[in-house]
Amino acid sequence: MNSASPSPVIPPDPWSRWAPPLIDRILEAFRAESIPVERPELEAALDRSGGEGWDLALAVHRWARIAGRAPPRLADDLAARLRPERPPLRSAAAAQGYVNLTLEPETVARGTLETVFGRWERYGHWEPEAGTACVEHTSANPTGAFHVGRVRNAIIGDTLVRVLRARGIPAVTQYYVDDMGRQAAMITWIWSRPPDSWPPEIRAEAPTIDPAEKADRRLGRPYPAVSGYLKSHPEAQAEVAAIVRAVEEGHPPAEHHRRISEILDGMLQSLARIGIRFDERVWESSLLDSGAVGQVVDRLLKAPHATLEENGAAAIDASGYRLPKEEAKIIVRRADGTSLYVTRDVAYHLSKFARFARVIDVLGQDHRLHAQTLDALLAEIGEPRRPEYVIYQDLTVPEGGRMSTRRGTGVWLDDLLDEAVRRAREEVLRRRDDLSEAEIGRIAEAVGTSAVRYHILRVAPEKTVLFRWEEALSFEGRTAPFLQYAHARAASLLRKAGREGPPYPFDPGLLGHPEEQALLRRIRALPGRVEYVARTNHVHALAGYAHDLADQFNRFYHAVPVLTAGAERDSRIALVAATRRTMETTLDLIGVTPLETM
RNA sequence: GGGCGCGUGGCUUAGCCUGGAUAGAGCAUCGGGUUCCUAACCCGGCGGUCGGGGGUUCGAAUCCCCCCGCGCCCGCCA
């Protein structure tokens, strides 16, 4: 029996234990066949995903021509060169132009489990790297509560941060708070007077103000009506404009930032419920106050394509940047000398470049042109760096069109979460009568909120997500509860075995069942998946991995007994423990709450 | 009109960057599984000309071009 002891020297990725000698042997085989292959080329071509009974696959077609042989023939020849097999290689088989390599089951089990037990909480995490990343996400205007459409940004951004950190990259999240625009000014304007003195048109839209209501809901209530009211009331518009000007000049109304903070706190409370928190809030006005915006304007005035408009506005002739604008001109300072969003955003990004090695912005597709404009202005002032953009598409609703508060097609995040939790509670009550009220509540909250988060995370950002209540609230199949259930099931086994923590002795020779081997292959894939997501920002890939892992655990669970097993009992318990550990890390990374029971 | 994104079984989707083995999954549907470790589960069936056309290639869902459909953006708004 092996008893894994924690050791800091165990590398993050189980693959590193077997890969180098294997790759050497494959290179030798190529060399023996007189086919020139470079190591990097081979490593890139190797498929490590693991399939029906194999661990490594290599499609040889690309070298067939050079070798002057048909792919199946070449595969045969190469496979023959890898024989006789010796540890850790169990078999080298040729099939349809592929060389399929299978490791000894024992090797797979030992290497994978020792890595998991050796690293434990650090399994799935990589060693620290130098260079901090900044992820700016959400940054929604603080004008009211989140509807589900806005939350996609937060879910993508937050998941990305978690994965970057797991990759060893220190990461800071920033919420860029717009306190300078008309929208924020409208909030301050309407709330600068008591509700009973509001214009009737606005009162009509927000008839009762409940002081106990969450701040983002309460303070945002009159907002849509204010928007309409201003269109037909120039004098009110002038008052709002005066607030905007006051902010620009550095002396905002006393209430301004307090109101915005209050509303923002409410918004962030909702996000906290699905596990999303921010490290820093960057107030847009702070960039102006510090003089950073002024410096950017100065640099832009001296830029290669700077032009002055007749009325005194400053612009950049952007015809060289192929922006999809009718006039290839970017105004960078208004005629009245006041600043603009893009210009302030340049200042913001310069401040990020000064602090961070990697700058990532999560943006809705409607900000695509803004991003291109920002890039153009950064180029104009000679800044060589650019942010990485993670662009996501909108949520749409069955009636057509995107989710929008103004059109009344928005679904409040709070309402969706409440309904999800309510339904989760019903599910818990349906199957458990042994839990305390507190436990039921805790499980329902975890299941409901996780289901919502996962539902949005699982789809690639560039796809539009069709929002349907029934699907967002589903607890079966590709959902968070499916994942939580697998985790809870594993936890239950360990509880019953009385082995809720390491050490987990195991005999790697007893884990040869195909479902066990398949499960081990899933487990060992996590570090690679984390690396991939941190490199490509494709956070949804981790949601897919979580499902694959849970799915394979379920198959294993149904295929072999654990607690009632004979000689294999301890080893299977170890495998369950490794699965549970891997599952917990994965769930943490995607913001799904792991449960011990459900 | 220009730019960007998307278009895969009835529905929702993975795979597309880095082209390769019968295009994976979930929902729905049909048929099985619980005296046995949590059935929010598992096993099996049905269902796909990967929007259309052309090209590159030994090989295209994947790369290139054209077209069609849908979404978004094209403000001295943010």
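Quick notes on this structure:
- Backbone amide hydrogens, once placed in the peptide plane, bring A:VAL332 within less than 5 Å of A:ALA314, A:ALA315, A:ILE316, excluding anything fewer than 5 places away on its chain.
- Selection from A:VAL397, A:ALA451, A:PRO527, by position along the positive dipole direction of chain A (Cβ): A:PRO527
- Accessible area per residue for segment A:14-75 is 51 Å², calculated with a 1.4 Å probe on protein heavy atoms, without ligands, DNA or RNA.
- Taking θ as phi - 60° and the Karplus parameters 6.51, -1.76 and 1.60, the scalar couplings of segment A:209-222 work out to 10, 9, x, 7, 5, 3, 4, 5, 5, 5, 6, x, 3, x Hz in sequence order, x denoting glycine and proline.
- Exposed GluC sites (Glu not before Pro) absent: longest stretch of chain A, with sites in DSSP loops and at most 12 other Cβ within 10 Å deemed exposed: A:53-248
- Approximating the spin labels as points 7 Å out from Cα along Cα→Cβ, the A:GLN269-to-A:HIS233 distance works out to 2.8 nm.
- Projection of the Cα convex hull of segment A:70-158, averaged over all directions and equal to a quarter of that hull's surface, yields 12.1 nm².
- Computed FRET value (nearest 0.05) for A:GLU476 with A:LEU308, which takes r as the C-beta separation and R₀ as 51 Å: 0.20
- Note on segment A:413-590: with neighbouring protein chains present and a 1.4 Å probe, carbon and sulfur make up 48 percent of its accessible heavy-atom surface.
- The modelled label-to-label distance between A:ALA438 and A:GLU515, using points 7 Å beyond Cα along the C-beta direction, is 3.7 nm.
- Antiparallel %, DSSP beta bridges [both residues in chain A], to 5: 50
- By the equivalent-ellipsoid construction on the alpha carbon gyration tensor, segment A:15-103 comes out with semi-axes of 18, 14, 12 Å, ordered largest to smallest.
- Entries in A:LYS329/A:LYS352; A:LYS463/A:LYS496; A:LYS231/A:LYS352; A:LYS302/A:LYS352; A:LYS231/A:LYS302 that, when Cα-Cα distance is taken, lie over 32 Å: A:LYS463/A:LYS496; A:LYS231/A:LYS352; A:LYS231/A:LYS302
- Shape of chain A, Cα gyration tensor, a/c cut at 1.5: oblate
- Spin-label model, A:ARG86/A:ASP507: points 7 Å from Cα along the beta carbon direction are separated by 2.7 nm.
- Förster-model FRET efficiency, 30 Å R0, A:HIS61 and A:GLU388, C-beta, rounded to 0.05: 0.30
- Between segment A:320-351 and segment A:166-222, the Cα center-to-center distance that results, in Å: 27
- For trypsin sites (Lys or Arg not before Pro), the sites in segment A:280-310 that DSSP calls loop and that have at most 14 other Cβ atoms within 10 Å are A:LYS302.
- Helix A:413-431 vs. chain A, principal-axis angle (Cα, 0 to 90°, nearest 10): 40
- Size-normalised alpha-carbon gyration radius of segment A:413-590, reference 2.2 N^0.38 Å: 1.10
- Extension gain from A:VAL9 to A:ARG569, taking 0.36 nm per residue of separation minus the Cα-Cα distance: 198.7 nm
- Atom-type composition of the exposed protein surface of segment A:194-242 places 58 percent of the accessible area on carbon and sulfur (1.4 angstrom probe).
- Mean-position separation - Cα centroids, segment A:266-302 and segment A:476-551, in angstrom: 39
- Computed from the Cβ-Cβ distance with R0 of 22 Å, the FRET efficiency linking A:ARG334 to A:GLN295 stands at 0.80.
- Applying a DSSP loop filter and a limit of 15 other Cβ atoms within 10 Å to the trypsin sites (Lys or Arg not before Pro) in segment A:357-400 leaves A:ARG385.
- Charged-residue dipole, Cβ positions (Lys, Arg, Asp, Glu), chain A about Cα centre, Debye nearest 20: 1200
- Trypsin sites (Lys or Arg not before Pro) lying in DSSP loop within segment A:99-150, provided at most 14 other Cβ fall within 10 Å: none
- When +1 charges are put on Lys and Arg Cβ atoms and -1 charges on Asp and Glu Cβ atoms, the dipole computed for segment A:413-590 relative to its Cα centre reaches about 480 debye.
- Whole-Å distance, taken between Cα centres, linking segment A:68-127 and segment A:576-598: 28
- Long-range HN-HN contacts of A:ASN141 with modeled amide H, under 5 Å: none
- Secondary-structure-derived ellipticity at 222 nm for chain A, considering helices only, amounts to -16500 deg cm²/dmol, per-run term -39500 (n - 2.57) for DSSP H runs with n ≥ 4.
- In summary, the aspartates and glutamates within cross-link reach of A:LYS325, defined as a Cα separation below 20 angstrom excluding same-chain residues under 8 places away, comprise A:GLU309, A:ASP317, A:ASP345, A:ASP366, A:ASP375, A:GLU380.
- Phi to ³J(HN,Hα) by Karplus 6.51 cos²θ - 1.76 cosθ + 1.60 over segment A:224-239, Hz, x for Gly, Pro: x, 5, 4, 3, x, 4, 4, 4, 10, 10, x, 5, 5, 4, 5, 5
The values are calculated or read from the model by the stated rules, or taken from the named source; none is laboratory data. No experiment lies behind these values; they were computed from the predicted model shown. Note that each Cβ is placed from the backbone with ideal geometry, even for glycine, and that neighbours are counted across all protein chains shown. Keep in mind that these areas ignore ligands, DNA and RNA; they rest on the heavy atoms of the full protein, side chains included. Shrake-Rupley method; radii C 1.70, N 1.55, O 1.52, S 1.80 Å.
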